1. Taking residue 242 as meeting all but one of (1) surrounded by fewer than 24 Cβ atoms within 10 Å (Cβ to Cβ); (2) aliphatic (A, V, I, L, M); (3) in a strand (DSSP E or B); (4) out of contact with any Lys or Arg (no Cβ under 9 Å at 6 or more places or on another chain), write down the number of the exception.
2. In segment 160-218, what residues are part of a loop (DSSP other than H, G, I, E, B) and not hydrophobic (A, V, I, L, M, F, W, C)?
3. Checking the conditions here, which among 86, 55 is open to solvent by 60 Å² or more (accessible area, probe 1.4 Å) and either at pLDDT below 95 or within 16 Å of the ligand (Cβ to nearest atom) (or both)?
4. Only one residue in 128, 121, 148, 172 is in contact with a Ser or Thr (Cβ under 7 Å, 6 or more places away or on another chain), on the phi < 0 side of the Ramachandran plot and of a type in the set (A, V, I, L, M, F, W, C), so which one is that?
5. Starting from residues that are near the ligand (Cβ under 9 Å from one of its atoms) and either among the aromatic types (Phe, Trp, Tyr) or closer than 18 Å to residue 45 by Cα (or both), keep the ones in segment 249-261 and report whichever is most open to solvent (accessible area, probe 1.4 Å).
6. Please indicate, with yes or no, whether at least one residue in segment 93-108 is at pLDDT 95 or above, within 12 Å of the ligand (Cβ to nearest atom) and either surrounded by fewer than 21 Cβ atoms within 10 Å (Cβ to Cβ) or not charged (D, E, K, R) (or both).
7. Being outside any strand (DSSP E or B), farther than 21 Å from residue 117 by Cα and open to solvent by 20 Å² or more (accessible area, probe 1.4 Å), is that true of even one residue in segment 1-11?
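The values are calculated or read from the model by the stated rules, or taken from the named source; none is laboratory data. Predicted model, so just to flag it, every value in this text is computed and none were measured. All Cβ positions, even for glycine, are placed from backbone atoms using ideal geometry, and neighbour counts span all protein chains on display. Please note that ligands, DNA and RNA were not included when accessible areas were found on the heavy atoms of the full protein model with its side chains. Shrake-Rupley method; radii C 1.70, N 1.55, O 1.52, S 1.80 Å.
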Amino acid sequence: MKRFLMCDPKFFEVCYVINPWMEGNLGKVNKELAKQQWQNLHNIVAGLAPVSLIEPVAGLPDMVFTANAGLVRGKEVIVSSFRHAERQPEAKFFEKFFSSQGYTVQHLQKETIFEGAGDALFDTRGRLWVGSGIRSEPRSMDEIMAVLDVEAHGLELVDPHWYHLDTAFCPLPEGQVIAYEKAFARTSVAALDDEFGASIIWVSEPDAKNFACNAISIDQRVIMHRASAELKFALAQRGFEVIEADVSEFIKAGGACKCLTLKI
Ligand code: ARG
């Protein structure tokens, strides 16, 4: 069974700005509330699947967003190489964790920026979707294909609010997906339409802003910060149940439910 990696928010805070959500939120995290929200999310996930924890590190406030640790496939992981200096030191701690757990650790080329499962998501048919344009670089996709020997498709992100693919795209079982159109270049919207057709649930702007695409998919459950009645209905029609987990404090840093976890 798939396991999820999470990191306690002991050192979580907004103390630099590397995406538009963080602007105006410096020092504004309610730490007590963040701790409660994270614990609640942890309990929900742990009720559905095993959860492993990585030790948080002082001075690395975004380490809670374990989605960015790397891209995992089986017992192999491509460890991230972060765009921003503020997050770069996280990589060695994630690498240490994966080595200690018996994973084969891989790296892309030295200069290639790649932010892990934030920007690379497998659909349920085993195809990898790689987002680039804001954080990860387009060439990361070619390198991933070579390292993991997988079929991959690139998606171009165009709006800094949707800087990681997982803020705007969430594969669900049976070829279904949730996505937010305005995050993507027109050619990428066309590619998604081609590949997924009527199986895409395009979310509204208010749902996108509530990080509805940043959802954790476990069988028929979809865990997200908040969903409109319309989105809940669309998902219910396809056999999915929405579980809401308020993560308002983490949205101040530009991340929500899915970013706080990594499937390992
Ligand atoms: N503050 C973090 C950053 O900008 C948030 C990361 C959210 N992670 C994600 N996978 N979307 O890097």
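1. Among (1) surrounded by fewer than 24 Cβ atoms within 10 Å (Cβ to Cβ); (2) aliphatic (A, V, I, L, M); (3) in a strand (DSSP E or B); (4) out of contact with any Lys or Arg (no Cβ under 9 Å at 6 or more places or on another chain), the lone unmet condition for residue 242 is (4).
2. 163, 164, 176, 180, 204, 210, 214
3. 86
4. Values: 128 fails: in contact with a Ser or Thr (Cβ under 7 Å, 6 or more places away or on another chain); 121 fails: in contact with a Ser or Thr (Cβ under 7 Å, 6 or more places away or on another chain); 148 fails: in contact with a Ser or Thr (Cβ under 7 Å, 6 or more places away or on another chain).
Of the residues listed, the single one that is in contact with a Ser or Thr (Cβ under 7 Å, 6 or more places away or on another chain), on the phi < 0 side of the Ramachandran plot and of a type in the set (A, V, I, L, M, F, W, C) is 172.
5. Restricting to residues being near the ligand (Cβ under 9 Å from one of its atoms) and either among the aromatic types (Phe, Trp, Tyr) or closer than 18 Å to residue 45 by Cα (or both), the top hit is 258.
6. no
7. Here is the first cut: in segment 1-11, the residues outside any strand (DSSP E or B) are 1-3, 8-11.
In the following step, the residues that additionally are farther than 21 Å from residue 117 by Cα were identified as 10-11.
Pick out the ones that are also open to solvent by 20 Å² or more (accessible area, probe 1.4 Å) and you get 10-11.
The answer is yes; a qualifying residue exists.
Okay, residues lined up against (1) aromatic (Phe, Trp, Tyr); (2) away from the ligand (no atom under 14 Å from the Cβ); (3) buried (at least 16 other Cβ atoms within 10 Å of the Cβ):
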| position | (1), (2), (3) |
| --- | --- |
| 20 | no, no, no |
| 32 | no, yes, no |
| 37 | no, yes, yes |
| 46 | no, yes, no |
